[in-house]
1. Total Å² of accessible surface buried at the B-A contact, 1.4 Å probe, nearest 100?
2. Put +1 on the Cβ of every Lys and Arg and -1 on every Asp and Glu Cβ in chain A; which of A:W14, A:A62, A:G145 then has its Cα farthest towards the positive end of the dipole?
3. Please give the residues from region B:1-45 for which the solvent-accessible area of heavy atoms, probe 1.4 Å, is smaller by at least 20 Å² with all protein chains in place than with the chain isolated.
4. Looking only at B:N386, B:N274, B:N41, which one moves most when chain B is put into a Gaussian network model with springs between Cα atoms under 10 Å?
5. Summarise the partner chain shielding of A:357-370 as one whole number: the mean count of Cβ atoms from other chains within 10 Å of each residue's Cβ.
6. Once the dipole of the protein assembly as shown is set up with Lys and Arg at +1 and Asp and Glu at -1 on Cβ about the Cα centre, which of B:N194, A:I400, A:S289 lies farthest towards its positive end?
7. Assign one of three labels to the protein assembly as shown, namely rounded, prolate or oblate, based on the Cα gyration tensor with a ≥ b ≥ c the square roots of its eigenvalues; rounded applies when a/c is under 1.5, prolate when it is not and a/b is larger than b/c, and oblate otherwise.
8. As a check on your grasp of the helix formula, calculate [θ] at 222 nm for chain A: sum -39500 (n - 2.57) over DSSP H runs of n ≥ 4, divide by the residue count, round to the nearest 500.
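The values are calculated or read from the model by the stated rules, or taken from the named source; none is laboratory data. The structure displayed is predicted, hence computed values, not measured ones. So basically every Cβ, Gly included, is an ideal-geometry build from the backbone, and we count neighbours across all protein chains shown. Side chains included, ligands, DNA and RNA excluded: accessible areas come from the protein's heavy atoms. Shrake-Rupley method; radii C 1.70, N 1.55, O 1.52, S 1.80 Å.
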Amino acid sequence: MSNSNLPSVLMFGWEFPPFNSGGLGVACEGLSKALSSGGVDLTFVLPFKIPISAPWCKFVFANESSELISDIEVMNLFSGYQSHSIYSELKKSGLPEAISGSLMSRVKAYAMKAPAIAKNNKHSIIHAHDWLTYPAAIAAKKVSGKPLVVHVHATEFDRSGSDNVNKNIYDIELEGFRQADAIVTVSDWTKKKVVSKYGIPAEKVKVVHNGIEFNNNAAIVEHNLDRLKKDGNKIVLFVGRITLQKGPDYFVDMAEKVLLHEPKTFFIISGSGDMETEMIRRVSSRGLSNRFIFCGFLRNAELAKVYKAADMFVMPSVSEPFGLVPLEAMISGVPVLISKESGVSEVISTALKSHFWDIDDMADKVVSVLRHKKFGNHLSTYGKEEVKTIHWHKAAQSLISLYNSLVVEPKYAFIPIYIRAA
Amino acid sequence: MPSVCFYFQVHQPLRVRKYRIFDVGQDSSYFNDTSGTSLDNQAIINKVANKCYLPANATLLENIKNNPDFKISFSISGVALEQFEKYAPEVIDSFKALVDTGNVELLSETYYHSLASVYSPEEFVRQVVLHRKKIKDLFGVTPSVFRNTELIYSNEIAKMVEKMGYKGILAEGADHILEWRSPAFVYKPINTENIKLLLKHYRLSDDIAFRFSCRDWKDYPLTAPKFANWVSSHNGGGDTINLFMDYETFGEHQWEDTGIFEFLRHLPTEILKNPDNHFATPSEVLDRYEAKGELDVHNYVSWADTERDLSAWIGNDLQKEALDTVYALGQEIIHIDDPELIEDWSKLQTSDHFYYMCTKWWNDGDVHKYFSPYESPYEAFIAYMNVMQDLRLRLTDAQKKQEHNVSLNKMKPLRFSEV
């Protein structure tokens, strides 16, 4: 197929590396790169002007008029994925409302800029990532009339737990799902939520699993961790926000059971979040403080060193739409145990899997890996091979065929002649 | 002129329950899952008895009554027999009825359907003797032909079996061992004197066992007259057509609604329509035909997978680790006077345990092809290795007890006069 047959896509995002607070930015980077190399003419829209070096596509910033701001201020703007700060207002004087207002008002301001962007940038498909961008994408669709694809990286139910759903966000999501010509979810797990919690027909939802770029981890283990290991200690790792969704409490419960059988084990928690203090307290009340290391939120290079030291990675997420972190661990050759309540468990087979609540099963599996060297080596070697196959190109191909199906068959364009009013 | 020689394999392993690290040293029952799921041995025996063993045995008995020249052979593993006795004794009775017709030959194998032939010659002999005794006790016959677990075969195995007095052994008629030769003749294993080799005609056998209900197959649907024609077409080109397959083919792998029982019911009559054809048991084939040549099988061959080697059981590090562990334990266990410990250890040698740890197809994502009661090969490995740890504890305890007893015996009893 020649490039001229491929659709041109106007893509609405919210964050982009290195200015990202979570997996949404990482996914947008991987997808946009793979789509562009697949021949798609891509225009990527972001709400605020930030310095990005992604040469594969054109960027448009909704708030072009604003000056470049400092890195720290930019980071604060993209706080939509930090549950504890969703409602916290940014008090920045001197900045236009689009930047300084509440998250909701920033979402609205983004939408107000969208019609002009849609007029000025030629496209045959609109593609929007998560609720923050749905109002903007719907506004763009009203102008150009092009098919809309909304991409679900997480639902409000994943972010907040079932009891704490923000009605306004839910409504925006629902409107996005209704206005969309097709919905893409990052897993079957998420598709089921879209269908059951939002009442969307399953035929409208297509699953496109995320990918990951394979970069060999050549980091060297930090001296202090290396010493622990040389003394015969094993390291079990948790990486992620310390929030309800990620199941850190199940990790601590599991650790307690593992220690009964493998006392020479250390548990490292990398991440921060609203349950951090509670977790530290839980660990000390069980008398496990000397077996736990809380190392806060680690960025790429530091995290790479910890991966290198780990004997086992555990992701006990209560609800994980996809879950990129275990794939990072696998790239570093770390055996992984992931919850069955995660999207990533649908795409990897060289992994151990448990229900997040099944503490005994998780402890059993961790002990087994720590005890049987050959088991760990097997998972490490074959996991590393398998993760190479989970590539963004697969996701891009799947999206391109979806775009084509929407462009080739515009809705209601063909009305059979025999349908007449009675 | 060809003989048609049927051999059906009957086997059910004792699947290890979800045995966790917390069970080690606490609970030494390994095979007693009662969940009703694919790990529940009793439930499986009952299911397969009703779907396969009972209806298939009834069909064969009827066939023998209708065609007194119809002959077949079975190999039934000791672990399967034990489970029938315990959970479905009517299955034993139905096999007895078949054996009593005189048209059914029973073959020897390792009691525990194990890989002992590969790992431990002493253990191999022990298990073959155990099985022979079991067959004699239950059915009153003593087998004279041997078939090894999963048709695993090599020069060495043939020699071991010859030494035990068997006149014949069964093997896969794999292309790479036969080369230009045909499986339709009797052969002699290299460097042996008194044993002959029967080879599975894998194409015709697999037509029934694997392809019978395959709608993509050009010869679908397979009917008894069609199959009988294929058999007859071998006239003049061979002495024996050896049709070797899992007995579970009938009703369990190929469900009743595929027509497999009807096929089985009509096959003898159709095959006997050609007066040149007849049925024979393995012993009869061996007695009737001279070996056509010598076969040199240096590397192990089996009937599993397209590779026809040992990779389904000893293909990855997990399987090797598990097998090394169980046979290393055995070197000590076998010297301990603890029948229960020895029995559990023996049951853990069944080849299926290692098959469940196979990862050959695991990474292809084609998990449906993967036939295992466990969610993944890793779950199978974890449960099995936890059991190994419990077995090790039991062994240590038993050793201590034995030493204690020995030291007690060594002590001179005090005599009153010496006080």
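1. Interface area, both chains combined: 1900 Å², rounded to the nearest 100.
2. The one lying farthest along the dipole's positive direction is A:G145.
3. By number: B:R20, B:I21, B:F22.
4. Judging by the Gaussian network model, the answer is B:N274.
5. That average works out to 3.
6. Most positive-ward Cα: A:I400.
7. Judged from the Cα gyration tensor, the protein assembly as shown comes out oblate (a/c at least 1.5, b/c at or above a/b).
8. Counting only the DSSP helices, I get -13000 deg cm²/dmol.
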